[in-house]
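Read the figures in this text as sums done on the coordinates, not as results from a lab. What you are looking at is a predicted structure, and each value in this text was computed from that prediction instead of being measured. Backbone-built Cβ (ideal geometry, glycine too); neighbour counts: all protein chains shown.
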Amino acid sequence: MSGRCQAGAAPYKAMRVLSRRLINMQKVLCFLVASCVAPWSFSQNVLFSNAENNNLTGDGLWTRSRPAGGFYSEIQGYNTVAGFRGSIEPGANDRLADDFCVGGFGWRLLGASLFMYETDVNALSIYAGLFEVRQNLWGVVGPLVATGSFVSSSWTDTYRIFKNAPADNRRIQKVDVAFDVPLPSGKYYLVWATKGAQYKTGPWNPYLTGPGITTLPGANAKYSLNGGATYDYIQDGLANQDFPFVLYGSQNSNSNYNHLEPPR
């Protein structure tokens with residue numbers, strides 16, 4: 001610290017000015033650090049992709065090309081549900097959950113991407129949420145391991161539609177979440193619920209969808225309407241479903257574990 005900041009070297013007014021300057025410098029530094037750090041969560045290695053794990057493309061949602069560009073994610077077969085609500089808006093206390101496995105010597109989880117939409121919005125609308133990693137206790141959503149924080153939402157080039165009903169009013173948003181937690185080898189659940197622009201009408205979460213695919217082997221995503229007190233399986237067409245999500249970070253040294261979930 002310079003001599004002019006020493007006790008008795010400047011009047012009280014000057015000290016106040018300097019204090020304000022230091023606070024402003026802190027704000028600038030915080031902004032610069034945040035600007036530098038924010039992208040890292042999503043430039044790291046992919047640890048797990050539920051789409052890739054199920055041999056699907058386009059984050060696990062593409063079914064056919066959209067004439068105006070991008071892709072449609074069209075409900076298949078006898079399925080009828082475009083998306084499942086996962087909201088913490090006033091009057092809603094939802095939770096959505098899907099599982100993943102950590103092998104080898106463990107991971108350092110740094111981020112996650114989730115995929116959801118709100119109907120009839122023309123601007124990015126998902127702005128906050130609850131994001132957790134919890135233990136998977138033999139198929140039960142268990143104790144809390146870590147919490148994440150909302151980073152941003154961005155447009156994908158995918159539009160969710162009902163069968164044989166092309167439309168452009170359900171464009172899917174990618175929601176990026178920051179974590180920073182070591183995860184030992186084991187089984188876990190990613191749990192989430194979000195806030196959007198429309199009061200108690202979403203956000204809606206589409207399940208993994210591919211051409212001719214109405215369900216996937218081992219699908220076991222879950223939902224709760226009471227804040228996670230109890231969970232039931234996500235189902236459409238009387239079959240369990242899984243959600244698209246991506247996890248980012250790094251594997252611990254000497255780990256020979258790849259980013260594909262072992263067979264269940």
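DSSP loop trypsin sites (Lys or Arg not before Pro) in region 158-234 with at most 14 other Cβ atoms within 10 Å of their Cβ, which ones? Spell out each step's value before the answer.
Working: sites: R160, K163, R170, R171, K174, K187, K195, K200, K222; in loops: K163, R170, K200.
Answer by residue number: K163, K200.
Taking every DSSP beta bridge with both residues inside region 44-251, roughly what % is antiparallel (nearest 5)?
95 percent
Roughly speaking, what is the stretch gain from A146 to R64, that is 0.36 nm per residue apart minus the C-alpha to C-alpha distance, in nm to one decimal?
25.8 nm
Please work out the Cα convex hull volume for region 44-251 and give it in Å³ per residue.
Output value, Cα hull per residue: 114 Å³.
For region 69-151, state which trypsin sites (Lys or Arg not before Pro) are in a DSSP loop and have at most 10 other beta carbons lying within 10 Å of their beta carbon.
Those that pass, being in a loop and sparsely packed, number zero.
Region 174-219: which chymotrypsin sites (Phe, Trp or Tyr not before Pro) are DSSP loop and have at most 14 other beta-carbon atoms within 10 angstrom?
For chymotrypsin sites (Phe, Trp or Tyr not before Pro) across region 174-219 that sit outside H, G, I, E and B with at most 14 neighbouring Cβ atoms in 10 Å, the list reads Y199.
In terms of modelled amide H atoms, which long-range or inter-chain residues lie less than 5 Å from the amide H of G106?
S185, N252
Over the C-alpha atoms of region 175-218, what are the Rg and the largest Cα-to-Cα span, Dmax, in Å?
15.3, 39
So if we plug the beta-carbon distance of N226 and D168 into 1/(1 + (r/R0)^6) with R0 = 35 Å, what FRET efficiency do we get, rounded to 0.05? If you can, show how the numbers build up before the last one.
On the way: r = 35 Å, r/R0 = 0.99.
FRET efficiency, N226 to D168: 0.50.
What is the packing order of peptides 73-79, 231-237, 142-148, taking the mean over residues of other C-beta atoms within 10 Å and listing the highest first?
Highest mean packing first, the order is 73-79, 231-237, 142-148.
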